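What follows draws every value from the coordinates through simple rules; no lab data is involved. Predicted model only: the values in this text are computed from it and were never measured. So basically every Cβ, Gly included, is an ideal-geometry build from the backbone, and we count neighbours across all protein chains shown.
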Amino acid sequence: MLRSFGSTIGLVTLLGLAGCGDPNTGRLFADFQYATRCAETLGCPRTEQHDICGYNLSDACEGDMPQANLSCSVTEVEGSTRTITFSARQGGDFSIAVQNLQVPFTGGSATGGACRVSIVEGENRYAGGCGGSTPSPEQPCQITDVQFVDDEGNPTVVGNIFCQHLPNEASPALQIEVTTVGSGTAASSTPAKFRFANCQGLTCTADSCTSLTTD
């Protein structure tokens, strides 16, 4: 995994800790940093940077983080498509969710027309369609580079998400972007990366997932 504990137990990868007898073995895990911002629009008062990382309702990546509240499921049509639905929240009053993200069975960009992204920031909720194309008013979110990985026995999905002009459900003229964290022009134009391990329904074989090994 990309994250490691930086506390007294040392720099040990999180999924590597979930071995035989560990309560986190096979538990849903997410590593997702993203920012909501208004570089192009006036839909929010400031950039909000979010860090969601940990096992569902269990250990977080850092000791001072609250527990993550996660969901993730994958419906597979072997040799054809995988359809992914996930949500992530970790304390506070923010969350992000993607529904019906359909990609080719071996990975790639979003396809089909049912994909939808929902963002909660405090009392505001933003939502819109997602696909593989450059963001537009009709499809404000772009999801690309989806990969399926066997991470030391943990079936894992990773990908990029980038939104522009994602409308507020109550006031559609108010819109936000979803990008990677950070400041400056580069960050505001760079997709956020998501990673979910052990999603319900996701299976990995030598032909259907890339193998990830560590030295």
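Miscellaneous remarks
- Using the Karplus relation 6.51 cos²θ - 1.76 cosθ + 1.60 with θ = phi - 60°, the per-residue 3J(HN,Hα) values for the stretch 125-139 come to 10, 10, 7, x, x, 9, x, x, 8, 4, x, 8, x, 6, 9 Hz, with x marking Gly and Pro.
- For the stretch 101-215, the direction-averaged projected area of the alpha-carbon convex hull comes to 8.9 nm².
- Relative packing of 105-117, 178-190, which averages over residues the other C-beta atoms within 10 Å, highest first: 105-117, 178-190
- The stretch 27-202 - Rg over Rh from alpha carbon coordinates, Kirkwood radius: 0.95
- The rule of thumb for compact globular proteins, 2.2 N^0.38 Å, goes into the C-alpha radius of gyration of the stretch 56-107 1.43 times.
- Other residues lying with their Cβ under 11 Å from the Cβ of L70 contribute a combined charge of +1, Lys and Arg counting +1, Asp and Glu -1.
- Residues with amide H under 5 Å from that of Q33, placed H, sequence gap 5 or more: I52, K193
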